[in-house]
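A short worksheet on the structure shown next.
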Amino acid sequence: MQIDRLWFDPAETLIGGRWRASASDARLPIEDPSTGSEIGLVARGGAADIDEAVAAAEAARAGAWGRMTAAERGRILARIGQMVLARADDLAVLEATDVGKPLKQAKADALALARYMEFYGGAADKLMGETIPYLDGYTVYTLREPHGVTGHIVPWNYPMQIVGRSVGAALAMGNACVLKPAEEASLTALAFARIATEAGLPAGALNVVPGLGEEAGAALSQHPGVHHLSFTGSVAVGSLIQAAAARNVVPVTLELGGKSPQVVFADADLDAALPFLVSAGIQNAGQTCSASSRILVERSRYDEVVERMAERYRTLKVGRAMDDLDIGPLISARQKEIVEGFLAMAPDGSVAAHGTIAADAPAGGHYVAPTLLAGPGPDHPLSRDEIFGPAQVVIPFDGEDEAVAIANGTDYGLVASVWSENGARQMRLAKRLRAGQVFVNNYGAGGGVELPFGGVGKSGHGREKGFEALYGFSVLKTVAARHG
Ligand code: NAD
């Protein structure tokens with residue numbers, strides 16, 4: 001897509017229903033990771049824009065948006081979903097260009113964004129309070145109310161999906177949102193906001209201020225007018241956000257990183273498992289919080305799994321996002337450097353296989369060949385730290401206890417899976433694995449807009465997605481009426 005043929009101006013913010021340049025008129029370059037070239041400019045919002053956006057959100061709460069019934073909010077979200085569906089191809093091209101993800105993946109992300117709007121549109125009027133039996137002469141009931149103004153700070157790896165799950169649930173509950181997209185990839189957040197406006201979302205219900213993390217992001221996280229923060233990103237920034245939330249005593253949802261294992265027992269159906277074992281690691285060039293970067297295999301089938309995964313790796317092709325191969329570029333030169341730094345730590349002889357970078361991949365793009373590692377032990381940095389690139393480590397284990405000890409042996413706990421035909425073992429492992437989601441004989445369940453998602457440990461806390469997110473984006477009020 002030609003950046004000059006967009007249906008919105010990426011150099012503008014959306015505040016209180018008005019599209020305009022940032023207060024300082026500053027801009028940031030937009031880079032196409034497939035080529036490394038600058039393809040346009042995006043607004044560089046700052047503290048003044050965040051102040052205005054929070055005020056606009058507060059005004060929306062006090063105005064039309066705040067007075068709207070839950071059913072009306074749901075209808076608007078559903079309409080946004082239909083309009084996202086109608087523009088899914090354009091949104092996919094935009095996301096592929098901005099993030100570097102293969103077009104097919106970008107299209108799946110656009111459909112997920114539509115699905116979030118449908119799901120939360122339908123859910124908006126389904127969350128109810130309860131009545132509580134209490135003292136004679138009292139009637140007690142609970143109300144679910146919005147926090148007020150919610151701040152959303154999102155990363156660059158799945159902008160559409162993460163905006164969908166976080167803003168969708170917040171709007172469904174009647175909050176007014178201020179969204180700060182990642183500086184590396186802001187385009188689809190802005191495109192989505194334009195669609196939402198066209199679908200009839202009242203002014204100020206959704207405000208978008210692109211900009212740098214340490215400027216617009218920090219200003220949003222520290223703003224005393226924000227009543228709830230939702231952050232998806234790195235552990236380092238997540239802890240800054242939590243500290244800022246603590247100073248203002250507001251709740252925070254943190255969706256951070258992971259080192260998610262798939263645990264393969266000797267009795268597993270390997271034909272069924274193999275496509276999941278590889279795709280869960282290399283999807284989005286491994287830049288996925290829930291990427292499965294560790295494959296634990298019972299020793300008797302370790303060599304077989306390594307060889308079969310290696311066969312697949314040798315066929316993997318890396319190239320331009322719009323060429324829609326298996327893997328696109330990484331988001332930035334910096335990310336490429338980080339991933340190459342990890343790969344340089346691989347012990348001698350531990351590279352089992354790697355994929356191929358297409359001969360016509362532009363020299364300026366941030367390409368890394370996917371790499372399968374068999375050799376680093378469970379305590380090696382490659383097996384413990386989040387690489388956020390197309391690399392997986394295969395680790396052998398002996399017996400269930402060791403499998404659980406290795407699987408639970410990192411600081412993270414986002415997702416895990418167990419591959420086994422033994423039903424009792426599936427149930428045991430589902431309980432013993434330390435993760436926010438556990439999959440049995442699959443991985444990821446196709447994304448699952450409906451499935452609550454979030455971590456334990458350094459993977460964060462709070463849940464987004466599914467019905468559960470509606471609890472997070474609302475506050476329970478207890479009303480006790482004494483009537484005699
Ligand atoms: P990041 O933490 O650097 O940036 C995420 C967002 O935070 C961006 O919008 C950025 O501008 C903003 N930010 C940066 N510094 C800030 C500050 N001082 N104050 C406020 N905001 C600030 O993370 P990243 O490099 O963009 O993303 C990669 C990380 O995100 C990985 O660790 C990955 O696992 C994690 N992630 C987690 C999930 C999840 O759902 N659990 C999803 C995607 C990514």
- So what's the Cα pair-distance distribution over segment 6-142, bin width 5 Å, in %? 2, 9, 11, 12, 15, 17, 13, 7, 4, 3, 3, 2, 1, 0, 0
- Message: Using a Cα-Cα cut-off of under 28 Å, which lysines could be cross-linked to K431, ignoring same-chain neighbours fewer than 8 residues away?
- Response: K259, K458, K465
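Students often check this: by mean Cβ neighbours within 10 Å, which of 317-326, 276-285, 474-483 ranks highest, and how do the rest follow? Spell out each step's value before the answer.
On the way: 317-326: 20.9, 276-285: 23.4, 474-483: 12.1.
Final packing ranking: 276-285, 317-326, 474-483.
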- Heavy-atom accessible area of D385 with all protein chains present, probe 1.4 Å, nearest 10 Å²? 70
- Task: Pull up all non-local amide H partners of L206: gap of 5 or more, or a different chain, and H-to-H distance under 5 Å with H placed in the peptide plane.
- Result: C177
- When the Debye formula is applied to the Cα atoms of segment 261-448, each taken as the same point scatterer, what base-10 log of I(q)/I(0) results at q = 0.09, 0.13, 0.17, 0.18 Å⁻¹? -0.30, -0.62, -1.06, -1.18
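Could you grab the relative contact order for the chain? Cα pairs under 8 Å, six or more apart, rounded to a whole percent. Please list the in-between numbers first.
On the way: 1175 pairs, mean separation 88.0, N = 484.
For the chain, the relative contact order is 18 percent.
Which order do peptides 371-383, 424-436, 174-186 fall in by mean Cβ count within 10 Å, highest first?
Working: 371-383: 19.5, 424-436: 16.7, 174-186: 26.8.
Packing proxy ranking, top to bottom: 174-186, 371-383, 424-436.
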- Item | Radius ratio Rg over Rh of segment 249-354, counting only Cα atoms, Kirkwood formula for Rh | 1.02
- What FRET efficiency, computed as 1/(1 + (r/R0)^6) with R0 = 25 Å and r the Cβ-Cβ distance, is obtained for S239 and E468, rounded to the nearest 0.05? 0.60
- Give the residue from G349, V297, Q287 lying farthest towards the positive end of the charge dipole for segment 261-448; charges sit on Cβ (+1 for Lys and Arg, -1 for Asp and Glu) and the dipole is referred to the Cα centre. Q287
- Quick one: what are the phi-derived ³J(HN,Hα) couplings along segment 448-456, Karplus 6.51/-1.76/1.60 with θ = phi - 60°, whole Hz, x for glycine and proline? x, 3, 7, 9, x, 9, x, x, 10
- Message: Explain nothing, just compute: Karplus ³J(HN,Hα) = 6.51 cos²θ - 1.76 cosθ + 1.60, θ = phi - 60°, for every residue of segment 112-119 in order, whole Hz, x for Gly and Pro.
- Response: 5, 4, 4, 5, 4, 5, 4, 4
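Restricting to bridges with both residues inside the chain, how much of the DSSP beta-bridge set is antiparallel, in percent to the nearest 5? Could you put the intermediate results ahead of the total?
Working: 28 of 67 bridges.
Rounded to the nearest five, the antiparallel share is 40 percent.
State in Å² the accessible area per residue of segment 261-448; use a 1.4 Å probe, count heavy atoms of protein chains only, and round to the nearest integer.
On the way: 7280 Å² over 188 residues.
On a per-residue basis, 39 Å².
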- Note on the structure: Stokes-Einstein, Kirkwood over Cα pairs, the chain, 10 °C, 1.306 mPa s; D in µm²/s equals 69
- Note on the structure: Expressed in angstrom, Rg and Dmax over the Cα atoms of segment 37-100 are 16.7, 46
- Task: Give me the lysines in straight-line cross-link reach of K101: C-alpha distance below 20 Å, same-chain residues under 8 apart excluded.
- Result: K317, K336
- Whole-angstrom gap from segment 279-336 to segment 126-188, using each part's C-alpha centre: 34
- Message: Can you tell me which aspartates and glutamates have their Cα less than 13 Å from the Cα of K477? Leave out same-chain residues fewer than eight positions away.
- Response: E130, E145
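Equivalent ellipsoid semi-axes for segment 181-280, as square roots of 5 times the alpha carbon gyration tensor eigenvalues: give them largest first, rounded to whole Å. Can you show the working numbers first?
On the way: eigenvalues 248, 90, 31 Å².
Ellipsoid half-lengths, sorted descending, are 35, 21, 12 Å.
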- Packing-based order for 138-145, 101-108, 305-312, using average beta carbon neighbours within 10 Å, highest first: 101-108, 305-312, 138-145
- Message: Once neighbouring chains are kept in place and the probe is 1.4 Å, which whole percent of the accessible area of segment 261-448 is contributed by carbon and sulfur?
- Response: 50
- Query: Per-residue accessible area for M173 at 1.4 Å probe radius, Å² rounded to 10?
  - Reply: 10
- Message: Please report the antiparallel percentage of the DSSP beta bridges confined to segment 261-448, to the nearest 5.
- Response: 10
- Could you list which residues have their amide H under 5 Å from that of S417, counting only those 5 or more apart in sequence or on another chain, with H placed in the peptide plane? Q262, V263, F439
- Query: Tell me, what HN-Hα J-couplings in whole Hz come from the Karplus equation 6.51 cos²θ - 1.76 cosθ + 1.60 at θ = phi - 60° for each residue of segment 152-161, using x for Gly and Pro?
  - Reply: 10, 10, 10, x, 9, 7, 9, x, 5, 5
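The values are calculated or read from the model by the stated rules, or taken from the named source; none is laboratory data. Everything numeric in this text was worked out from a predicted model, so none of it was measured. In this analysis, Cβ positions are derived from the backbone assuming ideal geometry, glycine residues included, and neighbour counts consider all displayed protein chains. Side chains are part of the model used for accessible areas, which takes the heavy atoms of the whole protein and leaves out ligands, DNA and RNA. Shrake-Rupley method; radii C 1.70, N 1.55, O 1.52, S 1.80 Å.
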